[in-house]
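J.: Below is the structure I would like to discuss, written out as structure tokens.
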Amino acid sequence: MRLGLSADEVLTTTRSVRKRLDFDRPVERSEVLECIDIALQAPTGSNSQGWQWMVVEDADKKQAIADAYAKNFDWYAAQPGRSYDDGDTRAERMDLVRDSATYLSENFHRAPYLVIPLIEGRLGEGLPTFAQASQWGSILPAVWSFMLALRERGLGSAWTTLHLPDEEAVAELLGIPFDRYTQAGLFPVAYTKGTDFKLAKRIPAAELTHWDTFGQH
């Protein structure tokens with residue numbers, strides 16, 4: 001299945017999909033592999049290509065990961081939320097975002113696949129900013145490409161990180177060498193219910209872009 005979207009359409013309509021994930025529709029392994037193949041064309045620091053991709057379809061392992069995610073989500077959801085000024089477009093959707101995030105937490109285990117991108121090396125405390133940026137810069141472009149490739153194929157996902165407080169336990173569950181690889185996130189993968197995703201409300205670029213001096217728009 002291909003939607004035939006233009007590059008701009010894929011870039012502007014790839015959303016975090018939660019409630020519209022179709023957990024009951026099977027997904028072929030080949031579709032996931034195609035998306036990973038596309039992701040592997042992304043740039044990576046010094047052409048290191050130090051990535052690995054963990055795909056989980058075993059029901060018991062998915063449930064264990066979902067349980068870890070749900071535990072951390074419950075803690076996170078109980079924290080005070082960020083406040084926004086009146087009229088801020090982000091404030092308008094906070095209740096909807098919270099509701100969809102709760103739904104995903106309760107149904108994570110139902111996704112046909114859970115995907116965990118890995119980057120070689122550990123991000124230890126005290127690691128200089130440039131080293132952190134270099135390491136993340138070698139996996140995040142690939143992960144975004146993966147999500148764009150999903151979108152073109154009528155699939156969807158959401159970039160989540162709340163399993164990471166239990167990263168070492170998840171690594172042990174999946175046989176990931178914890179001392180050698182850092183997990184970059186957790187992505188439920190499923191077909192979407194409908195493909196009519198639209199542009200999101202965003203603050204205009206002119207208000208967020210600074211020329212030569214911060215604050216000079």
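J.: How much net charge surrounds Asp166 when only the other residues with a Cβ under 15 Å from the Cβ of Asp166 are counted, with Lys and Arg +1 and Asp and Glu -1? Could the numbers behind the result be given before it?
T.: Details: positive: Lys61, Lys62, Lys71; negative: Asp67, Asp74, Glu167, Glu168, Glu172.
Value of the local net charge: -2.
J.: Only Cα pairs within less than 10 Å get springs; with that Gaussian network setup on the chain, which residue of Arg180, Arg15, Arg110 has the largest fluctuation?
T.: For the chain, modelled as a Gaussian network with Cα springs under 10 Å, the answer is Arg180.
J.: Excluding residues on the same chain fewer than 8 positions from Lys61, give the lysines whose Cα lies under 19 Å from its Cα.
T.: Correct list for Lys61: Lys71.
J.: Going by C-beta contacts inside 10 Å, put Thr161, Thr209 in order with the fewest on the left. All intermediate terms of the calculation are to be shown ahead of the outcome.
T.: Working: Thr161 14, Thr209 9.
With the sparsest Cβ surroundings first, the list reads Thr209, Thr161.
J.: Something else: Pairs of alpha-carbon atoms within less than 8 angstrom and 6+ residues apart define the contacts here; what relative contact order does the chain have, in percent? Don't skip to the answer; put the middle values down first.
T.: On the way: 281 pairs, mean separation 82.3, N = 217.
For the chain, the relative contact order is 38 percent.
J.: Could you calculate, for region 103-217, the ratio of the Cα radius of gyration to the Kirkwood radius, expressed as Rg to Rh? Spell out each step's value before the answer.
T.: Details: Rg = 17.6 Å, Rh = 16.9 Å.
Reported Rg/Rh, Kirkwood definition of Rh: 1.04.
J.: Determine the percent antiparallel among the DSSP beta bridges restricted to the chain, to the nearest 5.
T.: Working: 17 of 18 bridges.
Beta bridges within the chain, antiparallel portion: roughly 95 percent.
J.: Here's a follow-up. For region 102-147, which GluC sites (Glu not before Pro) are both in a DSSP coil and crowded by at most 15 other Cβ atoms within 10 Å?
T.: Numbers: sites: Glu106, Glu120, Glu125; in loops: Glu125.
For GluC sites (Glu not before Pro) across region 102-147 that sit outside H, G, I, E and B with at most 15 neighbouring Cβ atoms in 10 Å, the list reads Glu125.
J.: Once the other residues with Cβ under 14 Å from the Cβ of Val55 are scored (Lys, Arg +1; Asp, Glu -1), what is the net sum?
T.: Values: positive: Arg29, Lys61, Lys62; negative: Glu28, Glu31, Glu34, Asp37, Glu57, Asp58.
Value of the local net charge: -3.
J.: Over region 1-53, one equal point on each Cα, no solvent: what is log10 I(q)/I(0) by the Debye formula at q = 0.15, 0.23, 0.27 Å⁻¹?
T.: Debye curve over Cα of region 1-53, log10 I(q)/I(0) at q = 0.15, 0.23, 0.27 Å⁻¹: -0.66, -1.20, -1.22.
J.: Taking a threshold of 26 Å on the Cα-Cα distance, which of the pairs Lys62/Lys198; Lys19/Lys198; Lys62/Lys193 fall above it?
T.: Numbers: Lys62/Lys198 30 Å; Lys19/Lys198 15 Å; Lys62/Lys193 22 Å.
Long pairs (Cα-Cα over 26 Å): Lys62/Lys198.
J.: List the relative contact order of region 111-217 as a percent without decimals, with contacts defined as Cα pairs under 8 Å and 6+ residues apart.
T.: Values: 103 pairs, mean separation 43.0, N = 107.
Contact order relative to length: 40 percent.
J.: Mind listing the phi-derived Karplus ³J(HN,Hα) values for region 112-122, rounded to whole Hz, using 6.51, -1.76 and 1.60 with θ = phi - 60°, and x for any glycine or proline?
T.: Along region 112-122, the couplings run x, 9, 10, 10, 10, x, 10, 10, 5, x, 10 Hz.
J.: Percent of alpha carbon pairs in region 1-151 separated by more than 29 Å?
T.: Working: 3340 of 11325 pairs.
Of all Cα-Cα pairs in region 1-151, 29 percent lie more than 29 Å apart.
Any read-out appearing in this document is the output of simple, stated calculations on the displayed coordinates, not a laboratory observation. This one's a predicted model, so the numbers in the text were calculated from it and none came from an experiment. For neighbour counting, all protein chains shown are included, and Cβ atoms are generated from backbone atoms with ideal geometry for every residue, glycine included.
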